[in-house]
1. Restricting to the range B:207-223, and then to whatever is closer than 23 Å to B:ARG161 by Cα and within 16 Å of ligand 1 (Cβ to nearest atom), can you tell me which residue is farthest from the other protein chains (Cβ to nearest Cβ)?
2. Spot the failing condition for B:SER412; the list is (1) buried (at least 16 other Cβ atoms within 10 Å of the Cβ); (2) among the small types (Gly, Ala, Ser); (3) more than 30 Å from the chain's Cα centre (by Cα), and only one is missed.
3. Restricting to the range B:553-563, name every residue that is facing another protein chain (nearest Cβ under 7 Å), of a type outside the set (Val, Ile, Thr) and part of a helix (DSSP H, G or I).
4. Which condition number in (1) within 13 Å of ligand 2 (Cβ to nearest atom); (2) crowded, with 19+ Cβ neighbours inside 10 Å is the one that B:THR272 fails?
5. Counting only residues that are open to solvent by less than 20 Å² (accessible area, probe 1.4 Å) and not β-branched (Val, Ile, Thr), which one in the range A:157-181 is farthest from the other protein chains (Cβ to nearest Cβ)?
6. Filter the range B:113-128 for residues that are of a type in the set (D, E, K, R), more than 9 Å from ligand 1 (Cβ to nearest atom) and in a helix (DSSP H, G or I) and give the result.
7. It is to be established whether one or more residues within the range B:173-195 are open to solvent by 10 Å² or more (accessible area, probe 1.4 Å), among the polar types (S, T, N, Q) and within 14 Å of ligand 2 (Cβ to nearest atom).
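The values are calculated or read from the model by the stated rules, or taken from the named source; none is laboratory data. Values in this document were obtained by computation on a predicted structure and should not be read as measured data. Note that we place each Cβ from the backbone using ideal geometry, even for glycine, and neighbour counts take in every protein chain shown. Protein only, heavy atoms only, side chains kept; ligands, DNA and RNA dropped before computing areas. Shrake-Rupley method; radii C 1.70, N 1.55, O 1.52, S 1.80 Å.
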Amino acid sequence: MWDHEIRAMVSTHALIAASMFMATVLPAVFVEGFSVYRTHLLWLYCTSGAVIAVSVVVFWLLGVTPSTKKHTLGYKLSRLFRSCLYFFLSCLFFHTVVVLYGAPLIESALETFSLAVLLTSLTTMRCLCVLGPNVQAWIRVFSRHGAMSVWDTCLQITVACTLIGAWMGAFPIPLDWDRPWQVWPVSCSLGATIGYLTGLVAAPAWIHYHRKHLTYKCK
Amino acid sequence: MKGLPVLCLLLWMSAVYLVGIYLFVGGFLLVRLEVNRTSTCSDLLEPAGGSGDFCQGQPRFKRTVILIIDALKIDFARFDPSKTAPRPYENKLPVLEEVVSSRPSQSRLYPFRADPPTTTMQRIKGFTTGSLPTFVDVGNNFASSAILEDNLIHQLGQTGRHVVFMGDDTWESLFPKKFHRSLPFPSFNVKDLHTVDNGILRHLYTTMMGDDWDVLVAHFLGVDHCGHRFGPDHPAMAEKLTQMDGVIRSVIERLQNDTLLVVMGDHGMTDTGDHGGESLKETDAALFLYSPTPVFPDPHSQTDLVPTLALLLGIPIPYSNVGRSSYRYFIKKGPAGAVEGLSQLEALWINAKQVNRFLETYSSMARDIPPQRLSQLKDEFSRLSSAYLSSLREGRSPPPQLASSLQAYLTSVRDTCRSTWARFNPVKMAAGLAILALACLMCLVLSELSQVLIKGSGLGLKAPTALALAVGVVVAAAQLLTQGYVEEIWCLAAGAFSSELLFFWRARRLNTVTVSKNGTKASKFSRWLTPRRLLVAPLLIPLLRCASLLSDSYVIAEGRVVTFLVFSLVLYIPIQLNWNGLLLPPSPDPLKSAGLLPPSALSPSTVRKEGATLLGFVGLLISTLYLSLSFHGCREEQGSCQPSSFLYPLSRMQDNQLKNLHYVLSVISLGIFTHLLRRFLCHYGNLNSSGGTVFTARWILPLLSVCLGLHWAVSATSEDSFRNLAELIRVAQLALPRAAFCLLGLGLSLIWLDPITVFVKTRAAASSRAPALPTPRYRASTGISPQAELHHLIPQIYQHMRRSLDDGELSGAAEEPNRPTVEAYGLGTVYSAPLLLFCGLLGVGLLLLHPEGMAASFLLLLLEMAALLHIHASSSTLCGLHGTYSGGFHVPWTPVVLWSLAATQFFHATGHLPTFPSIQWGAAFVGFPDGHTGTLLPASLVTLNTFASHILFAVGCPLLLFWPLVCEVRGSGGGRACGEEVGDAVMEMRLRENPHQFSSSLLQLSARYLFLHGAQVFSSVCAAAILRRHLMVWKVFAPKLMFEVSGFLMSSIFLLIGVTLVLRVDGAVARWFKNLVPDASR
Ligand SMILES: [Zn+2]
Ligand SMILES: [Zn+2]
């Protein structure tokens, strides 16, 4: 019943995952001494950029992004502007949450903000792509009966996986092992990335196995 | 309600926990009393007729060089030339073998048996005092680590020897100001292999060449640190040992004839490089003795080194020594030219006499040595001494076997002491663990079955108690028969264990009985064990918390970790509510709401309001969490940590402006604290009556705060600023805190004695609205009072109808249209008001014991409590509004988990840490600036100070039960418990309507709270048991265990106090109703 959409989802996710892989591998060719730990911020921004670009293009091409009723340029521009604003606000929001969770306030503000950017591009970006700049809809999606399409369910799963991954990424920080990946924010951003990748795999799988029970109301 | 069963069950549960803890701690934490006496030169230890001054004689050696190579295992020191491919730690100290084989009369290499705990500090203590130090040596100076027992270094100083020390700075803290010269180097960083060693090597040889020393102690740490970092089987270890080989060589080259060289390890290491336990690998260190002149010493055990060295150096044996001098050295009048020394027998005799004297002193102070063994030893000594003395008096040579009997005596003393002090008792530890695990399980079962237990009076406590007593007595009798004496710990254990088993058996039976009665309800018991129910966030968080106690890094960062967990769980609440579609009013889409949610009891505005309240309080909670982080102290393990500036008392602050700022901040916090408490009581109309509690709230609480503010002001003024008022200040420093203590006691007892805060106002029948009303069983409402009522009060009015209470006369109700009604102010919060006031008053009292700056933290504590309560209330209202409320007053896991985590969080946020140096000893001197005579009062003051947050949260725990009722939304009563008429707020009177539910919920709440704290105790007990070899066990895990245990003890005591207070209120309310009924009818 959902075969077509699941197939689309799998290929989308494969594309995104491939882009993340490329973002990790390619810069090593061009940049001297590139590594996930040592030049962490560079890696982080590469990955974020790749994910953002690929998701925007793929979701736009697939037509998952809610189509606008009005086709005026002004309306489109305002949508774009609002999306950018929400993106930035979401970065600030994640930054605040991470600081409240115990990240240093001033010392490594850049690192914390980069983590916020990564989280935003892994979670909020997807919301923007799937639901458009509509906070009400975002909140609505994250309830048991809130999903209205396969893509909403997929969104729920990937966002939850990403956030849980980032949350679990904080666990190794207090340990006294002195490993490079314990440095702030490496473990958290790695956790978020791994969580996201898990979500990319888990979402289509979960939907595939539960396709019999999934019923959506039309929008 | 049934108060007594609840209380008894809780009491019994805590008792079982405590027995488990007692058992474990008895096997793990070995406690020994320190004997603070010192030997002197004039001690008459020598046989009768001795010179009287022991130190006059010529010592065997003038000088001694003691090289301590930390963790020098005996395997490292041995040399086996046949090995072709030695491991990195083998054959790296060839010098020892070379010297021993080339100069056998001058040197010896021995295995050197250390006594557990094999940690450096305890070992240093051991081989300087000659006693068997345990983890907790109860001396009169708990705060500093200085050794107060008699020891070699002290004796050397007494006799005027110059002791020069270099190396591990532990020595400096153990023997402050005892050295002639000392060069300590930081030992803390385990990863640093070279700082200490290189520091020593810079000074060792020049010092040896110099002339200002008699005893030189050098403590190398590199080998130990290398073990911890890389393990023994690593090239770095080879390098380190080779370096040590070079050191020993060069020291031997520089030795003079009258000098003794001692090279030793303080303990060994396991194959992973750790130590602390009692395996042979850890206890067998190496001891190498060398002297340019011939010696034949023969020590076996580390404690033996002390008397041997003492007698060799001609100083008195330290008072608490239980070691045996190596008699072989003390050859009787050696060949001509040999240095004169003590004879074999004389040395042994001195040693034995000293040991006997110590035993007598110790047994008069403590009773942990079995009395039988003690009397045997005493008899043995008197027999030996009479034999020796009589032979001496008669001038004949003593019997030849006397020396060996003296040796046997000394050995048996040492073995007795060792079995008392230096062995973990694995059986006790395992039994304690088992009892604790069962107790945790029991708490869980109890909290799940509370309703069944209270309803069906099935689980009386009589049978478990009787069984426990019987089993205890049987075990005691069996012990008497087999061993001859009773170890009460095992009787307790057997009693607790049997009562636990009986409980499970009966719970199981009770469950099956209820299942057969009504199948739907009692599947509960079997249902909660499914992983789906256990793996939810509110139980996952405590699981993580317990797991975090098993890692030293997490224990060190505990304050942050707990805050992190609380924050996660708090964020989880709105997310979960949203997931269930409860946070926001349902979408206007008619299709959806019609299908999924019951249409009743929904009012979008109420939902929106409650949702906003919830989010607002989540925000408040998060900000208090974040702010509370700035009150944390620092452990020494946290390198770059800066302790909060609020931790220091104002009097220590230099900058006057900053001081004033802090003072103002504290006073403002205190003011807000007091104001908020009064504001709450006022808001719910609890300040109108004239009872004891109201008096406390109106007068004692503000007065107490004023007292506190003045006390801070007085204690912060520096002595020299008001010279002429010095006397006044002194008096005020004494009087103000004492007055505060008195007020506190008065307030608490007033609340206890008269907890009712209800103001009754009888209305004239004519003005009553009663005729217009239908005849519900109860009617209570807010705000019907006209403006003439006490203006700022919004009284809760409980219009009590006589007949509705009195079922017998119910039939006549309709005939009296003009019956009088009663308005009762504050009846809606009749339970929570006294409890909250009690909690608040206690909070102010505990604040008195803290540094002034902590006032802000206490305010945060109050705010966090309020936020938690409101979040809990709002979320249960939201659940209730949507009809998913489970019914009853049961408090779900989430708020209880948050509540118990908050207790730990504020333990840290009030500047405490689970380490002994961080205990705020200043608390003992609040109100007693000149010190104390006893120990009970200061100990309890310090305990109250340390566990302030545990106390407050435990006392306030029943508030979780009341708060959803206090914050009850009017017009929504229908969603609540038992089909109450829609309309009026009955608030806490619901509890009176359902006494069964009330007591079962109270029991459930308390059991859950106890379970959460008990689980923490259990996991820290596990940590101590599993990681007893860990490098950090005595630094991190054992102190953590003790703090966790004490915290649990305080929590359970004060939880019981809180529950008892609730029961008292309940009783008082019942009496109040009884009094009211005849009043109203007249
Ligand atoms: Zn050591
Ligand atoms: Zn060590």
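1. Filtering first and then ranking leaves B:VAL217.
2. Among (1) buried (at least 16 other Cβ atoms within 10 Å of the Cβ); (2) among the small types (Gly, Ala, Ser); (3) more than 30 Å from the chain's Cα centre (by Cα), the lone unmet condition for B:SER412 is (1).
3. Matches in the range B:553-563: B:SER553, B:TYR554, B:ARG560.
4. Against the list (1) within 13 Å of ligand 2 (Cβ to nearest atom); (2) crowded, with 19+ Cβ neighbours inside 10 Å, B:THR272 comes up short only on (2).
5. My answer is A:GLY165.
6. B:LYS125
7. The answer is yes, given that some residue of the range B:173-195 is open to solvent by 10 Å² or more (accessible area, probe 1.4 Å), among the polar types (S, T, N, Q) and within 14 Å of ligand 2 (Cβ to nearest atom).
Matching residues to (1) open to solvent by 30 Å² or more (accessible area, probe 1.4 Å); (2) within 14 Å of chain A (Cβ to nearest Cβ); (3) among the hydroxyl-bearing types (Ser, Thr, Tyr):
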| site | (1), (2), (3) |
| --- | --- |
| B:LYS609 | yes, no, no |
| B:LEU620 | yes, yes, no |
| B:LEU629 | yes, yes, no |
| B:ARG635 | no, yes, no |
| B:GLN638 | yes, yes, no |
| B:SER644 | no, no, yes |
| B:SER651 | yes, no, yes |
| B:ASP655 | yes, no, no |
